[in-house]
1. Just one of VAL197, VAL220, VAL167, VAL247 is part of a helix (DSSP H, G or I) and modelled with pLDDT of 80 or more; which is it?
2. Taking the conditions exactly as written (touching a helix residue (DSSP H, G or I) at 6+ places or on another chain (Cβ under 9 Å) and part of a strand (DSSP E or B)), does LEU504 satisfy them or not?
3. I'd like the residue in region 574-604 that is more than 30 Å from THR509 (Cα to Cα) and among the hydroxyl-bearing types (Ser, Thr, Tyr) and, out of all such residues, is modelled with the highest pLDDT.
4. What are the residues in region 73-126 that are outside any helix (DSSP H, G or I), more than 50 Å from the chain's Cα centre (by Cα) and among the small types (Gly, Ala, Ser), if any?
5. Looking at GLU142, GLU70, GLU111, GLU38, which is the one that is surrounded by 16 or more Cβ atoms within 10 Å (Cβ to Cβ), touching a residue at least 60 places away in the same chain (Cβ under 8 Å), over 20 Å from SER274 (Cβ atoms) and acidic (Asp, Glu)?
6. Return the residue satisfying two criteria in turn: it lies in region 149-192 and is polar (S, T, N, Q) and farther than 30 Å from ALA77 by Cβ, and of such residues it is surrounded by the most Cβ atoms within 10 Å (Cβ to Cβ).
7. Test of understanding: among GLU689, GLU607, GLU699, which residue is modelled with pLDDT under 85 and within 14 Å of the chain's Cα centre (by Cα)?
Amino acid sequence: MIRSAELERRRSDNFAIALLAVGLAVLLALAGWWVSDELRRARLAREQIHANYQQMIATQRVFSLVQDAETGTRGYALTGQEEFLEPYLRATSALPQERANLRRLYRGEPEQLKRLDRLSAMVDERLSILATSVATRRTQGEEGVRRLTITSKGRGRVVMDEIRDVVAAMTASEQAQIQTSLAQDRARAGRTENIIVSLFMLLIFGALAAILLTRRYLGVRQNLLAQAEAEAHRQRAVFDAAMDGIVILDAQGRIERANPAAERILERPFHELSGVRLADLLDEEAREELGAVLAGGHADAKDAIRREATGLLPTGRAFPIEISVAGISNGGPNGMLAFIRDISGRREVDRMKDEFVSTVSHELRTPLTSIAGSLGLIVGGAAGALPEKAARLVSIAQSNSQRLVRLINDVLDMEKLASGKLPFDFQSIDLGDVAIRAIEGARGYADQLGVDLVLEVSRAAPVRGDMDRLVQVATNLLSNAAKYSPKGGVVRVRVSRDGDNVRLTVTDTGPGVPEAFRDRIFSRFAQADSSDARGKSGTGLGLYIAKEIAERHGGRLWYDSPPEGGAVFHLDLPSSVAEVLQTGARDRVLLVEDEPAAQALLTAILEHEGLAVDAAGTLKEAREHLKDAGRYGAMVLDLRLPDGDGMDLMREIRSRVDTRATPIVVVSADAARGRDPAAKTFDVVEWMEKPVDPDRLAELVRDAIGPKGQGGAVILHIDDDRDIREVVATALSGVGEVLSAEGLVQARAILANRRPDLVVLDLELRDGEGLDLLDDLRHEPGAEIPVIVFSAQDAQELGDQVVAVLVKSKTSLAGLVGAIRKAVERTGAAT
């Protein structure tokens, strides 16, 4: 009996547990269904709000088109010029589709459809009035329009006001629906919270964890809504309070929103800016440069651009601005965000700075030159013997006047370097000659300090650079070395080759560079903070300027400070002697472009020209290609790459001996950077703006490389400078066989046995004039041999046989190679 009772109790307990489990499951299912239904209702509410916004936008678009038609008609009526009808024609063309779209959006809303019918009738009436006005202006002229206006008794204005009223009513209705939907959503959220909490309180033993999770979900949801609302308020506050002008553009580049700063900068209220193309507020040059982006909505975050441009005010006055444009997308049609900054103040500062530099250059340099010169004459005895005390004072004055001149020169050089206005005259020179000139200039200063200057030159060190600027660098290094060397010390200057570079090394016997000063030694106005250094005169600008000049030459200025004392400064510059091109490299192109579609298009263009293409999507891949494949006949380069700037890669290519002469074509949305004076040192074939013209790109690359098969040309180069012969022979190794001669005797000996296809001729040779050789070339059997004059002097009217005259100081190595390739192609020398 007891056992039977225990079994019955257990069965009862099991039934109760099962019943409880079923009850819990049912309650949980009901709760889940309720939450799901409420979420579905919330989603439908959001969709309805979105539809309301779309209806409002479509209504405003119809109203905007009617305004455009009215504006165009008014302009035509006043001027009679057909171009003023363009807004009218666009509006009348677009209105049927927009009205049909509006009717589709309002289906299922009888009240709004009634208003839409009224709006359509008034729009038709207004368009009819406008059409009558246009026709009257065409047939009866301005007087006819005036009579029509009088007879119509302002009906057009009345209709337009009624259109505004209807649009306002439709918009207000949609806004009321939005507010109702939001209120219902908030009420629904409150009910959901109460019901869920009540249900889960009954299930506290089995669903405590679910209650906690649900409450946390609801709390997060409320927090997110509050944060979203606060963020919206914050963004509106930032938008309105920004000092820079901010405008939001649609996909066609028309202004949709503008902050108060934009209204102030452009001197137009928002109602005048709304719907206006931003490009129309810029000058013609800016429209040409930015028009495609502003009108097409092609900008995105990756291709965001920033330019200086000229804006136009309503009065017609132009003023400088800086404009930044980036693409934005909110899931619908793409738009753009433009930031506008008035840089009139910046330009004024630049102008004042330029005036200051000009004033310093003239108003200070001129009297200082007179002062220093006069003091020098007095010290030299031109005014007779001076008392010992007076002579000492005059000597101090002369020394400090010279110091002031150096300070002014350094400050001016620093300013020109910073603004990119310091001129450079790149020529083929020898670094040994630079060292000799620098020693000659610094020897007097070193003698005053009792320091000896010693030069060691092991071999020729050809570079391409500005002689005067490099002498300035070397002189600064020598002056510093002499300044910090003890009396009786020796400063050694050594010129040598180091792989692909040539090096100028200056070694002194001074105390070395202090540890605390080493990390800022090349900074502006940097001077060692020690009692000894403070006793040395100087501006602290010399090494900064020297480093900048070295880098503008594609080189490097650095130093060592050995433990045993002294300082060793090294100036490394790329050698101008190039290595031999690899076989077949001239018909291979390196393409650096990260966009897959653009990469495929450019590859197809180049392969169509019979060229092999190695494609890279990053700077890292490009460097690997250059390392593995060696030289290329040409390079097509984008500037904006995922892992860096294409300008950095160009700088590396121009600093390497084996790639320095490689022709480069830039294809980029940021090609306008080629206008920067510093970009001219890269010797780029052309800076092409995207989208690219395929025929133009193919022509540029083929001209830079030269036609296929021209490797069989025989070129005779006559020049008495051994380094130039070596450089030219190396650069032309991919064009054909190069025969070199140092003068007329060797050239005639070569001509006795070989007939070249082209002659590159220097006019001034050690054993005669280069022009004397023209008769020998003219009397060769068959056709005359074409000649390219490549000389230090310019020459004119040398006859039809001379196909080009190139001046060495004005022609880069790449320019010479390009001229030779074109001449070979033109004369049909290739086989």
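1. Sole residue among the options that is part of a helix (DSSP H, G or I) and modelled with pLDDT of 80 or more: VAL167.
2. Yes: the conditions hold for LEU504.
3. THR603
4. Passing the criteria: only GLY108.
5. The unique qualifying residue is GLU38.
6. Applying the filter and picking the extreme gives THR192.
7. After applying the criteria, what remains is GLU689.
Table: residues versus (1) loosely packed, with under 12 Cβ neighbours inside 10 Å; (2) of a type in the set (Val, Ile, Thr); (3) modelled with pLDDT of 80 or more.
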| residue | (1), (2), (3) |
| --- | --- |
| VAL360 | no, yes, no |
| PRO387 | yes, no, yes |
| SER399 | no, no, no |
| LEU404 | no, no, no |
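The values are calculated or read from the model by the stated rules, or taken from the named source; none is laboratory data. Values in this document were obtained by computation on a predicted structure and should not be read as measured data. Reconstructed Cβ throughout: ideal geometry from the backbone, glycine too, with neighbour counts over all protein chains shown. Calculation scope for accessible area: heavy atoms of the full protein, side chains included, ligands and nucleic acids excluded. Shrake-Rupley method; radii C 1.70, N 1.55, O 1.52, S 1.80 Å.
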